[in-house]
1. Please count how many residues of the range 82-100 are of a type outside the set (Ser, Thr, Tyr) and farther than 12 Å from ALA69 by Cα.
2. Can you name the residue in the range 5-40 that is more than 30 Å from LEU74 (Cβ to Cβ) and of a type in the set (Phe, Trp, Tyr) and is also farthest from the chain's Cα centre (by Cα) among such residues?
3. Report yes if TYR32 is touching a helix residue (DSSP H, G or I) at 6+ places or on another chain (Cβ under 9 Å), part of a helix (DSSP H, G or I), in contact (Cβ under 8 Å) with a residue 12 or more places away in the chain and surrounded by 14 or more Cβ atoms within 10 Å (Cβ to Cβ), otherwise no.
4. Restricting to the range 46-58, count the residues that are in contact (Cβ under 8 Å) with a residue 24 or more places away in the chain and more than 15 Å from SER26 (Cβ to Cβ).
5. Of all residues in the range 1-29, which are of a type in the set (D, E, K, R) and surrounded by 15 or more Cβ atoms within 10 Å (Cβ to Cβ)?
6. Yes or no: the range 46-54 includes at least one residue that is of a type outside the set (Ser, Thr, Tyr), under 20 Å from ARG137 (Cβ atoms) and surrounded by 13 or more Cβ atoms within 10 Å (Cβ to Cβ).
7. Scan (1) surrounded by 14 or more Cβ atoms within 10 Å (Cβ to Cβ); (2) within 27 Å of LEU9 (Cβ to Cβ) for the single condition ILE102 breaks and write down its number.
8. Looking at PHE10, is it more than 20 Å from GLN103 (Cα to Cα), assigned to a helix (DSSP H, G or I) and among the hydrophobic types (A, V, I, L, M, F, W, C)?
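The values are calculated or read from the model by the stated rules, or taken from the named source; none is laboratory data. Computed from a prediction, not measured in an experiment: that's the story for all the values here. Here the Cβ positions follow ideal geometry from the backbone for every residue, glycine too, while neighbour counts run over all protein chains shown.
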Amino acid sequence: MSESARRMLFVLLLAVALIQTGAHISQSFVNYPAWQFIGRDSFPAYHHAMTVGAFRFLLVPRLVELGLAIVVLLFPPSAIRRSLLVLAIGLTLSGLISTVLIQRPIHEQLETIGNTPELLSRLRGTDWIRHGLQMLRAALYLWMLWLVVNPRTDTATRSHAIQ
């Protein structure tokens, strides 16, 4: 695969990762705080409908990101060390694990019980785990982008970075 194609794959990966990160930030800082104003009885139906959109704009991009990250790991741009991509994949997987083991069970309770202050507080508090992981991942991808586009990265450095 050509270096140009490798770079384009990386840019696509970066775009998907940043779109997913932005969707999660919007969910956490726009939607979650407003949930306290939705009636407890009507909340489960609202939450169920919202879950469909969350699947499309949060989970699907995250899975596409993982797939693209694996392809980029196999065919990295010359300026990016594979270890950086492995770290990014690890951060992405850690966010998914947090979602499955911590946040998703809270969402299931919200859909069953309704939006109690305790559940909303626990959801927003534990969501910082994902925020930390996503911010580190986004920063790592942006740093890798800088490595790819940095004109001062010479050929010797690029050859060394593949190892």
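1. Looking only at that region, the number is 4.
2. This residue is PHE37.
3. Details: touching a helix residue (DSSP H, G or I) at 6+ places or on another chain (Cβ under 9 Å): yes; part of a helix (DSSP H, G or I): yes; in contact (Cβ under 8 Å) with a residue 12 or more places away in the chain: yes; surrounded by 14 or more Cβ atoms within 10 Å (Cβ to Cβ): yes.
The answer is yes for TYR32.
4. Result for the range 46-58: 3.
5. Listed by number, the residues that qualify are ARG6, ARG7.
6. yes
7. (2)
8. For PHE10, the condition - more than 20 Å from GLN103 (Cα to Cα), assigned to a helix (DSSP H, G or I) and among the hydrophobic types (A, V, I, L, M, F, W, C) - is met.
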